[in-house]
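Heads up, the thing below is written out as structure tokens.
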Amino acid sequence: VLRPLLKKVGLVGIHNLGGLDLIRHRHRDQLRIVYYHRFEEPERSLAAEFEAQCSHFQRYYSPISLSEAARCLAGGQPLPPNALVVTIDDGFRDFYRIAYPIARKYGVPCTVYLVSDFLEHKTWLWWSVIQYTLLHTPRTSWSAPDANRPLAVKFQSVAERMDAAGHVSNWLKKWNTAERLSYVKAFPAEMSVELPAHPTPYFEPLTWDEVREMRRNGMEFGPHTQTHPLLPQLATQKELEHEIGGSRLVLEDRLQEQAGHFCYPNGDYDERCRQIVRRLGMTTTVTCKPVLNGVGSDPLELGRIGLEPGVDRLWFERVLAGFRL
Ligand SMILES: [Zn+2]
């Protein structure tokens with residue numbers, strides 16, 4: 001009973017007694033890369049939360065673009081003190097509507113990783129289909145059809161429905177790509193939901209015009225595969241090259257410039273992926289390994305810290321400073 005309490009007192013102490021400054025100072029030569037996904041919940045904008053985080057970035061860190069960070073790492077030049085790179089995965093449109101104006105206001109250049117088939121309106125992102133279905137189904141429970149992989153969820157409120165969607169998506173990640181996609185395809189009808197042909201506003205992608213406008217104003221964009229598969233699950237070299245290299249070609253065509261900053265979906269990769277990003281000459285590749293980077297870090301295997309606008313403020317300040325990473 002006492003230990004968690006002491007731990008809590010200890011953590012508050014870190015904040016109140018200048019411990020955070022000390023930890024930040026100890027990690028000042030390192031590069032922290034953070035990643036986000038969304039800036040709103042289905043019925044609530046997270047603008048205020050993100051603005052508070054950007055204000056903290058501006059006050060205590062040196063936010064730089066990923067290209068600048070890559071130049072420092074490659075050239076062996078020192079990074080600015082407390083260097084910070086902000087990245088956003090997937091390419092949802094709430095970045096443009098909510099986060100981008102705030103990031104600009106606080107001088108935080110962001111790199112957004114785009115799933116090319118999503119941007120091209122060829123597909124919904126597969127976990128969005130699960131979310132949409134559970135938000136709209138008249139049913140209030142679901143259980144797995146497979147006795148070997150049991151899961152049961154109940155839901156009423158929007159928050160419970162989003163939570164349930166998270167559980168179902170994680171459950172589906174254990175399936176192979178073909179099985180998962182066929183289950184996702186059948187899921188809306190099974191739950192008595194009609195899936196619209198194109199994503200509704202909460203689920204829609206950035207438009208290419210918005211991407212180009214933001215690019216002109218200092219944001220960067222990198223490929224994040226064509227369909228967001230779990231790459232190690234793909235059987236053939238051809239499929240891997242199509243997902244990784246193909247998404248890059250689409251970006252380069254739409255942006256008319258090099259797009260060499262790649263991001264592994266879910267941070268999952270294997271030796272074959274490493275060889276492909278190397279052979280394709282990617283400038284950087286990011287993972288979801290929660291570590292800080294520094295001189296000597298492999299630019300094709302950079303660590304990142306997972307944030308969202310709604311995370312606990314003290315935890316947010318600690319992980320950024322480099323505490324217990
Ligand atoms: Zn992603």
Per-pair calculated FRET efficiency, R0 = 30 Å: Thr140 and Lys174 via Cβ, rounded to 0.05: 0.75
Exposure ranking of His37, His56, His167 by accessible area [1.4 Å probe, largest first]: His167, His37, His56
Residue-count net charge about Val158 - beta-carbon cut-off 11 Å; Lys, Arg +1, Asp, Glu -1: -2
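If DNA, RNA and ligands are ignored and the probe is 1.4 Å, what is the ranking of Phe323, Phe221 by accessible area, most exposed first?
On the way: Phe323 40, Phe221 10 Å².
Putting Phe323, Phe221 in descending order of accessible area: Phe323, Phe221.
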In nm, spacing of pseudo-spin labels at Gln58 and Ala159 (7 Å Cα→C-beta vector): 3.0 nm
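Calculate the FRET efficiency for Arg324 and Arg215 from the Cβ-Cβ distance with a Förster distance of 41 Å, rounded to the nearest 0.05.
On the way: r = 36 Å, r/R0 = 0.88.
My answer for the efficiency is 0.70.
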In the chain, lysine pairs closer than 26 Å at Cα, eight or more apart or cross-chain: 16
Estimated dipole of the chain in Debye, rounded to 20 [Cβ of Lys and Arg +1, of Asp and Glu -1, Cα centre]: 1020 debye
Residue among Ile33, Phe323, Ile88 farthest towards the positive dipole end of the chain, charges placed on Cβ: Phe323
Amide H contacts under 5 Å for Glu220, placed H, 5+ residues apart: Cys110, Thr111, Val112
Whole-Hz couplings from phi, Karplus 6.51/-1.76/1.60, listed for the stretch 81-96; x for Gly and Pro: x, 6, 5, 9, 10, 9, 10, 9, 9, 4, x, 5, 6, 5, 4, 5
Estimated vicinal HN-Hα couplings, Hz - the stretch 163-172 in sequence order (Karplus 6.51, -1.76, 1.60; Gly, Pro = x): 5, 4, 4, x, 5, 5, 4, 5, 4, 6
Within-9-Å neighbourhood charge of Glu301 [Cβ basis; K, R +1; D, E -1]: +1
Exposure of Ile98 as accessible area (Å², to 10), given a probe of 1.4 Å and all protein chains: 20 Å²
Residue-averaged [θ]222 nm for the chain, counting only DSSP H segments that reach four residues, each worth -39500 (n - 2.57): -13500 deg cm²/dmol
Length released on extending from His121 to Ser192, taking residue separation times 0.36 nm less the Cα-Cα span: 23.2 nm
Extension reserve of the Ala147-Thr236 stretch, reckoned as 0.36 nm per residue once the Cα distance is removed: 29.1 nm
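Between Trp315 and Leu22, what FRET efficiency comes out of the Förster formula 1/(1 + (r/R0)^6) with R0 = 30 Å and r the beta carbon distance, rounded to 0.05?
Values: r = 18 Å, r/R0 = 0.59.
Once the sixth-power term is evaluated, E becomes 0.95.
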Unit charges on C-beta of K, R, D, E only; dipole of the stretch 91-239, Debye: 240 debye
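The values are calculated or read from the model by the stated rules, or taken from the named source; none is laboratory data. Quantities reported herein were computed from a predicted structural model and do not represent experimental measurements. Here the Cβ is made from the backbone with ideal geometry for all residues, glycine too, and neighbour counts use every protein chain on show. Surface accessibility is based on the protein's heavy atoms, side chains included, excluding ligands, DNA and RNA. Shrake-Rupley method; radii C 1.70, N 1.55, O 1.52, S 1.80 Å.
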